[in-house]
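**Q** Quick one: structure below, then a few questions.
The values are calculated or read from the model by the stated rules, or taken from the named source; none is laboratory data. None of the values given here were measured: they were computed from a predicted structure. Positions of Cβ are generated from backbone atoms using ideal geometry, with glycine treated the same way; all protein chains shown enter the neighbour counts.
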Amino acid sequence: MARRKMKKSTLLLVTLAFVLSVSGCSSGSTANAGSGAASGGGGTPKKAPDTYKVRFDTSKGPFVVEVHRDWAPNGADRFYELVTSGFYDEGRFFRVVPGFMVQWGISRDPKIAAEWRDKNIQDDPVTQSNVRGFISFATRGPNTRTTQLFINFGDNARLDSMGFAPFGKVIEGMEIVDQIYSVYGETPQQQLIETQGNAYLKEQFPQLDYIKTTKVE
């Protein structure tokens, strides 16, 4: 029994490390056309409002994220930059792990993905917890956040000590987030998404839910 518990615990840790480190791997990721960034390039976005809301219209329905800049200023600024440039539009929710998180943020267009690959932002202190409905940037290590995001389905407070800093939370439509198509799990390959964009996902994973538009409210 003890051995089985140890094996299960080890598997969970390995899964977490894989899911969240590779998630930030796709630095050059995003979802729309709009190569430009509000900052004009580089890794220092313009300052976002102290608080703002972003409406996601998706193939499953709408949900709204409320951002608090004082929670994680660098993350809040980058998110604002990406949303206002239309970056996430048409992007697929390519990794969905029930009970854990839903992840997206690799561009539909490989050229845009390449443009953002090295636009890292500095880490933020973790001031909030990765609990249900909270949104954070994915990362592959210190100071490697770029464009990929995830929303926590459940209480993932264990991620706090790993440096994942929430910058906002879903305030409307969490039931929509819960319904995002999850059958493909972690099967889509990030490297192929980066190099082939939506053409790869539409052909191999046609039932993936996706973002139609994002808008600051």
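**Q** May I ask you to verify whether Pro73 is surrounded by fewer than 24 Cβ atoms within 10 Å (Cβ to Cβ) and closer than 19 Å to Ser182 by Cβ? Step through it out loud before you land on a result.
**A** Values: surrounded by fewer than 24 Cβ atoms within 10 Å (Cβ to Cβ): yes; closer than 19 Å to Ser182 by Cβ: no.
It is false that Pro73 is surrounded by fewer than 24 Cβ atoms within 10 Å (Cβ to Cβ) and closer than 19 Å to Ser182 by Cβ.
**Q** Pairs only if they're at least six apart or on different chains, beta carbon under 8 angstrom, first in the range 81-94 and part of a strand (DSSP E or B), second at pLDDT below 95; list them, first residue then second.
**A** Every condition considered, the pairs that remain are Arg92/Ala31.
**Q** Restricting to the range 95-118, give me the number of residues that are assigned to a loop (DSSP other than H, G, I, E, B), within 15 Å of the chain's Cα centre (by Cα) and not small (Gly, Ala, Ser).
**A** Within the range 95-118, the first condition is being assigned to a loop (DSSP other than H, G, I, E, B), and the residues that meet it are 98-100, 105-109, 117-118.
Pick out the ones that are also within 15 Å of the chain's Cα centre (by Cα) and you get 100, 105-108, 117.
With not small (Gly, Ala, Ser) added as a condition, the list becomes 100, 106, 108, 117.
Residues that pass the stated criteria total 4.
**Q** Which members of the range 85-111 meet the condition of being closer than 17 Å to Gln207 by Cβ, surrounded by fewer than 20 Cβ atoms within 10 Å (Cβ to Cβ) and not acidic (Asp, Glu)?
**A** The initial filter retains those residues of the range 85-111 that are closer than 17 Å to Gln207 by Cβ, namely 90-98, 102-104, 108.
The next check asks that each one be surrounded by fewer than 20 Cβ atoms within 10 Å (Cβ to Cβ); those that pass are 90, 97-98.
Residues satisfying the conditions are Val97, Pro98.
**Q** Of the residues that make up the range 180-199, is at least one touching a residue at least 40 places away in the same chain (Cβ under 8 Å), surrounded by fewer than 17 Cβ atoms within 10 Å (Cβ to Cβ) and hydroxyl-bearing (Ser, Thr, Tyr)?
**A** So far as the range 180-199 goes, yes, one or more of its residues are touching a residue at least 40 places away in the same chain (Cβ under 8 Å), surrounded by fewer than 17 Cβ atoms within 10 Å (Cβ to Cβ) and hydroxyl-bearing (Ser, Thr, Tyr).
**Q** Now for a different question. Please verify whether Arg140 is among the basic types (Lys, Arg), under 13 Å from the mean Cα position of the chain (by Cα) and in a loop (DSSP other than H, G, I, E, B), treating the condition exactly as stated.
**A** Values: among the basic types (Lys, Arg): yes; under 13 Å from the mean Cα position of the chain (by Cα): yes; in a loop (DSSP other than H, G, I, E, B): yes.
Yes; evaluated as a whole, the condition is true for this residue.
**Q** Name the residue that is farthest from Gly91 (Cα to Cα), counting only residues in the range 157-195 that are among the small types (Gly, Ala, Ser) and part of a helix (DSSP H, G or I). Quick ask: steps written out before the conclusion?
**A** Of the range 157-195, the ones among the small types (Gly, Ala, Ser) are 157, 161, 163, 165, 168, 173, 182, 185.
Filter once more, keeping what is part of a helix (DSSP H, G or I): 157, 161.
Values: Ala157: 27, Ser161: 29 Å.
Filtering first and then ranking leaves Ser161.
**Q** What number of residues within the range 176-212 are among the small types (Gly, Ala, Ser) and within 23 Å of Gly86 (Cα to Cα)? Write out each step before concluding.
**A** Just the residues of the range 176-212 that are among the small types (Gly, Ala, Ser), to begin with: 182, 185, 197, 199.
Within this subset, residues satisfying the condition of being within 23 Å of Gly86 (Cα to Cα) are 197, 199.
Within the range 176-212, residues that are among the small types (Gly, Ala, Ser) and within 23 Å of Gly86 (Cα to Cα) number 2.
**Q** A follow-up question, please. Looking at (1) more than 15 Å from the chain's Cα centre (by Cα); (2) modelled with pLDDT of 95 or more, find the lone condition where Ser85 falls short.
**A** Unmet for Ser85, out of (1) more than 15 Å from the chain's Cα centre (by Cα); (2) modelled with pLDDT of 95 or more: (2).
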